[in-house]
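Below: the structure, in structure tokens.
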Amino acid sequence: MSRPAFLLRPEPGWSVSAANARAIGLGIEGEPLARVEPVSWEAPARSFDGLLIGSANVFRHGGPGLAALRDRPVHCVGETTAEAARAAGFTVETVGRGGLAPVVASLAGRNLDLMRLCGEARIALDVPAGIAVTDVIVYRVRHLPIAPALAEQMRTGGVVVLHSAELAGHFASECDRLGLDRSSFEPVLIGPRLVPMIGTGWRAVHIAERPEDAALLALAAQVCSKAG
């Protein structure tokens with residue numbers, strides 16, 4: 001019998017991933033180790049050619065300031081973010097499948113001035129010649145400590161599903177703070193950019209074939225089955 005996986009992403013993603021996991025027979029433990037909060041923001045006082053968006057959190061927490069930008073085409077990191085953009089009344093021009101960097105690279109050869117609506121923690125982007133990107137922070141992720149009850153559950157280790165680099169780094173720090181043995185855990189990562197943040201010392205580290213929730217959970221189910 002396979003063992004459950006620990007899911008730690010913030011809501012509303014936690015509930016969505018938990019339901020998706022159970023639909024494929026993967027048991028889920030854990031709780032959100034972060035919450036997303038809006039921040040006060042203003043768009044720069046100039047016109048942009050489009051919006052660059054790396055998370056659906058922009059549309060969940062961007063607030064009323066988004067309304068003035070609905071006439072700008074949106075370049076999204078992936079389909080989940082694209083769906084959130086459309087639901088908020090935006091027109092999506094580009095949908096990526098593996099991080100914002102490939103999305104920006106796909107725009108090479110065009111002269112574009114883009115506004116990147118983003119979270120406080122974000123990756124730096126290498127942009128092609130002719131493309132300018134201005135970052136505007138509209139939300140922050142506040143990480144939460146592992147609660148005592150969850151820490152006790154995790155004492156024997158297990159499979160941990162991680163959706164972001166920031167959360168991977170936070171989980172690693174929490175393991176060290178609580179004296180949880182890294183060698184008893186198998187982190188399952190949504191993409192290779194999480195590897196530097198998760199660090200070393202784990203029983204094994206697994207990376208999903210595609211940076212999508214479905215691929216991540218399918219891999220977690222495989223790992224849990226082998227570990228069970």
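For region 126-175, a residue qualifies if it is farther than 22 Å from residue 14 by Cβ, in contact with a strand residue (DSSP E or B) (Cβ under 8 Å, 6 or more places away or on another chain) and without any contact (Cβ under 8 Å) to a residue 40 or more places away in the chain, and the qualifying residues are 127, 130, 131, 132, 135. The single condition among (1) under 14 Å from residue 90 (Cβ atoms); (2) in contact with a Leu (Cβ under 7 Å, 6 or more places away or on another chain); (3) at pLDDT below 95 that residue 53 does not satisfy is (3). I want to confirm something. Restricting to region 6-47 and keeping residues that are among the hydrophobic types (A, V, I, L, M, F, W, C), buried (at least 20 other Cβ atoms within 10 Å of the Cβ) and part of a loop (DSSP other than H, G, I, E, B), which single residue is nearest to the chain's Cα centre (by Cα)? So the residue we want is 8. Scanning region 71-110 for residues that are touching a residue at least 60 places away in the same chain (Cβ under 8 Å) and not in a helix (DSSP H, G or I) turns up 78, 97, 98, 99.
Determine whether region 183-199 contains at least one residue that is among the aliphatic types (A, V, I, L, M), over 18 Å from the mean Cα position of the chain (by Cα), part of a helix (DSSP H, G or I) and in the same structural domain as residue 26 (by TED's automatic domain parsing). No. Here the condition is being out of contact with any His (no Cβ under 9 Å at 6 or more places or on another chain), acidic (Asp, Glu) and in a helix (DSSP H, G or I); of 166, 152, 174, it holds for 152 alone. The lone criterion from (1) touching a residue at least 60 places away in the same chain (Cβ under 8 Å); (2) more than 20 Å from the chain's Cα centre (by Cα); (3) in a loop (DSSP other than H, G, I, E, B) left unmet by residue 180 is number (1). Residues that are part of a loop (DSSP other than H, G, I, E, B), under 28 Å from residue 148 (Cα atoms) and within 22 Å of the chain's Cα centre (by Cα) within region 200-228 comprise 200, 202, 204, 205, listed in sequence order. Inspect region 121-144 for any residue being modelled with pLDDT of 95 or more, closer than 30 Å to residue 224 by Cα and in a loop (DSSP other than H, G, I, E, B) and give the result as yes or no. Yes, that holds for at least one residue.
Could you grab me the full set of residues in region 50-70 that are in a loop (DSSP other than H, G, I, E, B) and crowded, with 19+ Cβ neighbours inside 10 Å? Break it down into steps so the answer makes sense when it comes.
First, the residues of region 50-70 that are in a loop (DSSP other than H, G, I, E, B): 54-56, 62, 70.
Answer for region 50-70, where residues must be in a loop (DSSP other than H, G, I, E, B) and crowded, with 19+ Cβ neighbours inside 10 Å: 54, 55, 56, 62.
Within region 107-117, take every residue that is out of contact with any helix residue (DSSP H, G or I) (no Cβ under 7 Å at 6 or more places or on another chain) and among the hydrophobic types (A, V, I, L, M, F, W, C) and give me the one that is farthest from residue 74 (Cα to Cα). Among them, the one singled out is 108.
The values are calculated or read from the model by the stated rules, or taken from the named source; none is laboratory data. No experiment lies behind these values; they were computed from the predicted model shown. Neighbour counts run over all protein chains shown; Cβ positions are idealised from the backbone, glycine included.
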